[in-house]
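Scroll down for the structure; my scribbles are underneath it.
The values are calculated or read from the model by the stated rules, or taken from the named source; none is laboratory data. Computed from a predicted model, the values in this text were never measured in an experiment. Positions of Cβ are generated from backbone atoms using ideal geometry, with glycine treated the same way; all protein chains shown enter the neighbour counts. Side chains are part of the model used for accessible areas, which takes the heavy atoms of the whole protein and leaves out ligands, DNA and RNA. Shrake-Rupley method; radii C 1.70, N 1.55, O 1.52, S 1.80 Å.
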Amino acid sequence: MSKKPFAITLGVGTSLANKTGSWRVERPVYVDRLPPCNNACPAGENIQGWLYEAEEGNYEAAWRLLMTANPLPAIMGRACFHPCETSCNRAQIDEAVGINAVERFLGDQAIEEGWRVPVVAEPSGRRVLVVGSGPAGLSAAYHLRLAGHEVEIHEAAPLPGGMLRYGIPAYRLPRDVVEAEIDRIVQMDVRLVLNSRIERVSDAMAQGGFDAAFVGIGAQRGKHPDIPSGDAAKVLDAVSMLHGFEDGEAPVLGRRVVVYGGGDTAMDAARTAQRLGATETIVVYRRTRDHMPAHDEEVLDAQAEGVQMRWLSTVARADGGRLTIEKMVLNDKGVAEPTGEFEDLEADSLVLALGQDTDLSLVGDWSEVVTTGGVVNVDVSQMTGRAGVFAGGDASSSPTGERTVTAAVGHGARAAAAIDAWLAGGVFEPVAERPLATVERLNSWYYADAPRTMRPHLEAIRRRSNFDEVVGGLTAEDALFEARRCMSCGNCFECDNCFGVCPDNAVIKLGPGLRYEFNLDYCKGCGICAKECPCGAIDMVPEHR
Amino acid sequence: MQRQIEGSQAIAQTVAMCRPQVVCAYPISPQTHIIEELGAMVKKGELADCEYINVDSEMAAMSVAIGASAVGARAFTATASQGLLYMIEAVYNAAGLGLPVVMTLANRAIGAPINIWNDHTDAMAVRDAGWVQLFAETNQEAVDLHILAFALAEELSVPVMVCVDGFILTHSIERVDMPEQEQVDRLVPPFEPRQMLDPDDPVSIGAMVGPEAFTEVRYLAQVRMHRALDVIPELAGRNAEVLGRPATGLLHPYRTADADVVVVAMGSVLGTIKDVADDLRESGIRVGVLGISCFRPFPVEQVREALAGAKTIVVVEKAFSIGYGGILSTDIAMALSGQTVPIHTIVAGLGGRPVWAASLRKLFVDAHEGRLAETVFCDLNTGLVEAELERMAISRRSGPPAENVLRDLAGKSGLN
Amino acid sequence: MASERTPVRFYQVGSFAVGNRLVALEQRSAQSDPERANSLTSGHRACAGCGEALGARYALDAAMRATEGRLVAVNATGCLEVFSTPYPETSWRIAWLHSLFANASSVATGVAAGLRAKGRSDVRVVAQGGDGGTADIGFGSLSGMFERNDDVLFICYDNEGYMNTGVQRSGTTPGAARTATTQVVGPHPGNVFGQGKDMPRIAMAHEIPYVATATVADLFDLESKVERAMAHHGARYLHILVPCPLGWGALSSDTIRLARLAHETGIFPVFEAEHGEVTSSLAIRRRTPVEEYLRPQRRFAHLFDKHGEVSAPEVVAKLQALCDRNIERYGLSKEEGQ
Ligand SMILES: Cc1cc2nc3c(=O)[nH]c(=O)nc-3n(C[C@H](O)[C@H](O)[C@H](O)COP(=O)(O)OP(=O)(O)OC[C@H]3O[C@@H](n4cnc5c(N)ncnc54)[C@H](O)[C@@H]3O)c2cc1C
Ligand SMILES: Cc1ncc(C[n+]2csc(CCOP(=O)(O)OP(=O)(O)O)c2C)c(N)n1
Ligand code: SF4
Ligand SMILES: [Mg+2]
């Protein structure tokens, strides 16, 4: 260097001696925010996390991550009403990511490949009673087994699954899928006792030497409001009808069937009636379409299959072959009010789909177990008023009042964690919520606009005559494509943007899977990285010196 | 080999023998013949491995030379007058970056009024730029100085300007002993740059330097320039040896040993001055002549020594600093500081005006007699300027003086 | 077309993020490579969020990749030069030379000529400067370089003003913009309209092999253009819009966003041309009205009231008309992509 002219000619890269980090008034920090999908998932899935794996085609890794929350992906990939998609940020850019379809793909892949989750925890020597083999009970059992506890499920019915088997019709949820996923849980050394109705949990615990119990008995009794009816009237409730059908006792409904109610169960009952040979199926609902609790998809599918809708109507009376319908109007609060106008409607049978009740006599001997509105009150840990006795699913109270497979799985998982903590003499600590990854934090320019891959729908006409699954699965290619539509809201997905856009080269790339680090020696705090982070995983915070 | 050759051709052919790798060409009289000849030689293949670039301005010419030199290519260009001023920013830059560019300056006046003829104003405008400035007295010397220039520039990493009087030398055909290629190759070894832009050994050249080091940078440049005062005589010695003729070093003393009056000058005018000196000696006035061939760096010691015995010093200059006076005279005065010898400035040959021996002879005699003013303008048309001065006295706004003078001249000569 | 992206489209990040773990390494941008040249490294003294610092690294790293490191760069005076090489530190990691403000193109010509004379045809030459050093003081030299078709890629980092000297107007300053020499006073506040130099078109008029524009908002486009430029020999010109937070009065974090808006509004058309003919243009993905681009910049603050509403509709309309003209002229409103 001495040969080179003094001061005029300089050795390369020497500016590294100038630590421009001292200019900074704000510093960038990497954050992991809670994606709205995860936030919305009643089962507590890390959806963004498993989509990230699926994007690379690491389906098994994706499935395993999914399985840390939910043991029934193939079922959930069909039955879940996917609130995740409703809250997906991508919905505000083009269309929500088809999370549910990818979940189903992963679930099916697992069944096909025979993937299993090993129990690695040391046996705890503690025994837990699970009452009911619906999704709540199955989820609780699975998580308890993973924690090393001995689990025994007692199920009143001859076959396990609860509403997965006796409620949700097979054209939406094929039974082999239900069986495969239940079987996988049972294979984890879960003892499943069928045809075993628990009359008193207290007795069962004492007899079986259980240290704790989880009550997941669902809501099995269809509500029967008082509708004046003639002798010849054929009135039955939807749950019994579907249950009976599943048991092989196809109910005789006739050619004209009226289903009374506006929920998903009403839709399933109507669509089942169509498949059982009804030529005219009419759903009668008090209010209007937009007030119907049934999910849009279900309503559209029902309509596509020929189910008719009759809004603003109540059934005032049932007689053989004929119903009397009263017309309703909505007041300004959206409540239906009778008009005093009546009409006749021809109907061979009336199927009531007006909700279900739970028989809570099995905890009736414990005065500390409080019930409200026909369900057991539980705290955040799913524990009832009785220490060591937990409840979840349709049978328990829940903050959102949601009665879905997904909520049931979430309850089961939470209860299992709480039972595990309780058995260890500790207290269940719910995981602290991270701040939400809102859509405003995204820089959506980096995401190309891409239409959602539609799940191929079976021809509507073909659905009417059989119980084949209506909604098809994704091909591997589509699943990959769909997974890649995920914007990874609030969580770094290693797109290298921060590494690239820094005018000061102050971002260090740590390598695949290891993300990045800021080099605060040089970072001037310009904030470009934060603004250009596609997924909003960088915050700028004031620099305190 | 002795040849009857035009100055520009001789210079061009010598430059070609110095094997320049990049030659930048932009026309301006009286330099143009040099780059035209080089262009032809490149085109004919006589000058091989040389990129000849027709640039878009003198600024570009010097800039291209800078770029070429920075990658270790030997770069040459030639200019004059307005062209030199147009590139002046790059002239300073080449020196500041320490790039050994060689440039011929065919000395010419600077406008306005625009004038294509010879004087030294252009060279004087860049005397502080950090270039070595060598002045040729004859075309033979011009040839020899170009050989020296390349060797010197590359030895010191300093750009060198060879000043050749426009037209008087560039366009005159005289006998020149042209060197052989083999001789030049011995005198100008391949360029080994002190610094170079090279992807294999990258550096940043041309940093911004603040007050903390700028003085030091300049001090080191001064030291480097001063080394030329040792290197030039050495190279001149080698030139003489290889070329077999006396070679020019820093100065040309002529009959100074016993001289009472020593006339100092640069460039081709020295020939006339020497004739006048010889003539005056015949009439008993001991006149000597000191030719300055290395104007920058200024050989202070050597000048002082050469002028040690002089009782009167006359500096004949083809430029002057408007509002002050002689430029070379100032340097001479500084060199002799502490001494009381009178120093006169004769401003002569501006804008190509012939410098007549008779006029000089008279002025030298006046100097010898102690009658010469401190600064005189040789052959000034006093009638003309007095008329203008009178006009100016009447009206402060009498139009541009140059035009007025021209009008007067035209009137006098019967033109309109 | 140079703006062709990787043929595989990954919708999660589109093809627009710097890297994409889902595509093969060689399909990712030069910037995503942890081993990238970092031609301009940390410790330089550019303002926080300087678009020019970013643009220079983008462009030179791409050029380094394209030439496998056989690159020499010549820099005009300006912010880039000043912030990168204050004695005793340089941020350059490549062979780099600064001479003067006006002469970068000529010096580069000399470098190229010198290399050719020395038989070093493997080494390629880039010259770079600001808009002042390109469109104004360096214009003559540059035109000469174009006309001679010298083997140099000249990159203009256009921040639409003389930033290094404290934000004065240049030949590329847009109409209405406030600078220190076009102040917000008098009946026509800010810069006058209609006097800007359209450098890319001027370059095209020389019919040189390759002319392109780019912004720091679209790295893939920028890199592909540099690559394309390096695949040609002869004179090439790349004009990169580099927002200047200081001069534009913008947030330091908005640099890329503004560059993106410049493209999406049409005020800065992104295209490429070969031998004087436009060969492709980068379509606008989300067409945006020009005021969205103007509003975040204090140099245009006089066009808005204190609530951010347009208060000088006729001026904004003029700028919008320029955008519309560009969109029309360069066919920027195609369907997404290419
Ligand atoms: C027709 C229909 C369609 C539906 N569709 C959907 C859908 O698409 N998506 C969705 O998310 N949700 C759907 N739901 C709701 C969903 O099925 C329930 O929310 C969910 O099954 C509740 O799970 P659970 O485990 O709490 O109860 P259940 O699934 O009802 O399971 C409870 C189990 O406990 C058993 N049991 C009850 N009492 C006892 C006892 N004393 N001893 C032993 N065993 C006992 C029962 O036999 C049953 O197997 C639907 C419901 C119906 C009725
Ligand atoms: C001949 C000359 N004139 C003026 C300047 C002063 N000067 C230095 S940088 C500069 C502005 C540079 O503007 P631009 O080229 O746009 O580059 P920027 O700083 O905006 O990146 C000016 C005017 C100079 N250095 N040399
Ligand atoms: S003034 Fe503008 S161009 Fe210059 S360093 Fe600052 S941000 Fe960059
Ligand atoms: Mg600028």
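Test C:ALA127 against the criterion of being within 16 Å of ligand 4 (Cβ to nearest atom), small (Gly, Ala, Ser) and either in a strand (DSSP E or B) or more than 19 Å from the chain's Cα centre (by Cα) (or both), and give yes or no. Yes; evaluated as a whole, the condition is true for this residue.
Within segment B:1-59, the set of residues being outside any helix (DSSP H, G or I) and among the hydroxyl-bearing types (Ser, Thr, Tyr) comprises B:TYR26, B:SER29, B:TYR52, B:SER57.
Under the condition of being under 21 Å from the mean Cα position of the chain (by Cα) and at pLDDT below 95, the residues counted in segment B:225-251 number 4. Out of B:MET161, B:MET178, B:MET124, one residue alone is in contact with a strand residue (DSSP E or B) (Cβ under 8 Å, 6 or more places away or on another chain), more than 27 Å from B:GLY352 (Cβ to Cβ) and either away from every other protein chain (no Cβ under 14 Å) or open to solvent by 10 Å² or more (accessible area, probe 1.4 Å) (or both). It is B:MET178. Under the condition of being open to solvent by 20 Å² or more (accessible area, probe 1.4 Å) and either in contact with a Pro (Cβ under 7 Å, 6 or more places away or on another chain) or within 13 Å of ligand 1 (Cβ to nearest atom) (or both), the residues counted in segment A:175-201 number 9.
Listed here are the residues, each with its yes/no results for (1) among the hydrophobic types (A, V, I, L, M, F, W, C); (2) within 14 Å of chain C (Cβ to nearest Cβ); (3) part of a loop (DSSP other than H, G, I, E, B).
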| position | (1), (2), (3) |
| --- | --- |
| B:ASP119 | no, no, yes |
| B:GLY130 | no, no, yes |
| B:ASP144 | no, no, no |
| B:ALA151 | yes, no, no |
| B:LEU169 | yes, no, yes |
| B:GLU174 | no, no, no |
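One residue is enough: does segment C:172-181 have a residue meeting the conditions more than 11 Å from ligand 2 (Cβ to nearest atom), surrounded by 18 or more Cβ atoms within 10 Å (Cβ to Cβ) and within 14 Å of chain B (Cβ to nearest Cβ)? Scanning segment C:172-181, I find no residue that is more than 11 Å from ligand 2 (Cβ to nearest atom), surrounded by 18 or more Cβ atoms within 10 Å (Cβ to Cβ) and within 14 Å of chain B (Cβ to nearest Cβ), so the answer is no.
Could you list, in sequence order, all residues of segment A:471-503 that are in contact with a Gly (Cβ under 8 Å, 6 or more places away or on another chain) and either without any contact (Cβ under 8 Å) to a residue 24 or more places away in the chain or farther than 26 Å from A:GLU297 by Cβ (or both)? Matches in segment A:471-503: A:GLY490, A:ASN491, A:GLU494, A:CYS495, A:ASP496, A:ASN497, A:PHE499, A:GLY500, A:PRO503.
The requirement of being within 11 Å of another protein chain (Cβ to nearest Cβ), outside any helix (DSSP H, G or I) and either away from ligand 3 (no atom under 16 Å from the Cβ) or in contact with a helix residue (DSSP H, G or I) (Cβ under 6 Å, 6 or more places away or on another chain) (or both) is fulfilled somewhere in segment C:131-140, by at least one residue.
Residue-wise test of (1) more than 30 Å from A:PHE105 (Cβ to Cβ); (2) more than 12 Å from chain C (Cβ to nearest Cβ).
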site	(1), (2)
A:GLY472	no, yes
A:ARG485	no, no
A:CYS489	no, no
A:PHE493	no, no
A:VAL501	yes, no
A:LEU520	yes, no
A:LYS531	yes, no
A:ILE538	yes, no
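Could you tell me whether segment A:176-185 includes any residue that is away from ligand 4 (no atom under 16 Å from the Cβ) and outside any helix (DSSP H, G or I)? Within segment A:176-185, none of the residues are away from ligand 4 (no atom under 16 Å from the Cβ) and outside any helix (DSSP H, G or I).
State which residue is nearest to B:GLU369 (Cα to Cα) when the search covers only segment B:311-327 and only residues that are part of a loop (DSSP other than H, G, I, E, B) and open to solvent by less than 10 Å² (accessible area, probe 1.4 Å). Ranking the candidates gives B:GLY326 first. The number of residues in segment C:117-142 being of a type outside the set (A, V, I, L, M, F, W, C) and within 16 Å of ligand 2 (Cβ to nearest atom) comes to 11. State all residues of segment C:80-99 that are crowded, with 24+ Cβ neighbours inside 10 Å, under 26 Å from B:THR215 (Cβ atoms) and not β-branched (Val, Ile, Thr); if no residue qualifies, say none. C:GLU81, C:SER84, C:SER91, C:TRP92, C:TRP96, C:LEU97, C:HIS98, C:SER99 - these are the residues of segment C:80-99 that are crowded, with 24+ Cβ neighbours inside 10 Å, under 26 Å from B:THR215 (Cβ atoms) and not β-branched (Val, Ile, Thr). For segment C:198-249, what are the residues that are at positive phi and within 16 Å of ligand 4 (Cβ to nearest atom)? Passing the criteria: only C:GLY249. The set of residues in segment A:87-117 that are among the aliphatic types (A, V, I, L, M) and either farther than 22 Å from A:HIS143 by Cα or open to solvent by 40 Å² or more (accessible area, probe 1.4 Å) (or both) comprises A:ALA91, A:ILE93, A:ALA96, A:VAL97, A:ILE99, A:ALA101, A:VAL102, A:ILE111. Within segment A:501-539, the set of residues being open to solvent by 50 Å² or more (accessible area, probe 1.4 Å) and not in a loop (DSSP other than H, G, I, E, B) comprises A:ILE508, A:LEU510, A:ARG515, A:GLU517, A:LYS531. The condition of being part of a helix (DSSP H, G or I), in contact (Cβ under 8 Å) with a residue 24 or more places away in the chain and open to solvent by less than 60 Å² (accessible area, probe 1.4 Å) does not hold for A:LEU350.
For every residue, the table says whether it meets (1) facing another protein chain (nearest Cβ under 7 Å); (2) open to solvent by less than 10 Å² (accessible area, probe 1.4 Å).
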site: B:ARG3; (1), (2): no, no
site: B:VAL15; (1), (2): no, yes
site: B:GLN21; (1), (2): yes, no
site: B:ILE34; (1), (2): no, yes
site: B:ASP49; (1), (2): yes, no
site: B:ALA65; (1), (2): yes, yes
site: B:ALA70; (1), (2): yes, yes
site: B:ALA78; (1), (2): no, yes
site: B:ILE88; (1), (2): no, no
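Checking the structure you have, find out if any residue of segment C:1-14 is modelled with pLDDT of 95 or more, within 8 Å of chain A (Cβ to nearest Cβ) and assigned to a loop (DSSP other than H, G, I, E, B).
No.
Each residue in segment C:143-171 was checked for being open to solvent by 10 Å² or more (accessible area, probe 1.4 Å), in a loop (DSSP other than H, G, I, E, B) and more than 14 Å from ligand 2 (Cβ to nearest atom), and 3 pass. Yes or no: A:ALA54 more than 14 Å from chain C (Cβ to nearest Cβ), in contact (Cβ under 8 Å) with a residue 40 or more places away in the chain and over 27 Å from A:GLY525 (Cβ atoms)? In short, no.
From the set of residues in segment A:384-404 that are open to solvent by 20 Å² or more (accessible area, probe 1.4 Å) and touching a residue at least 40 places away in the same chain (Cβ under 8 Å), which is nearest to A:ILE168 (Cα to Cα)?
A:THR404
Residues of segment C:22-56 that are under 19 Å from C:PHE220 (Cβ atoms), without any contact (Cβ under 8 Å) to a residue 40 or more places away in the chain, within 7 Å of chain A (Cβ to nearest Cβ) and assigned to a helix (DSSP H, G or I): C:SER32 alone.
Only residues that are touching a residue at least 24 places away in the same chain (Cβ under 8 Å), surrounded by 24 or more Cβ atoms within 10 Å (Cβ to Cβ) and within 7 Å of another protein chain (Cβ to nearest Cβ) were counted across segment C:101-130, and they come to 9.
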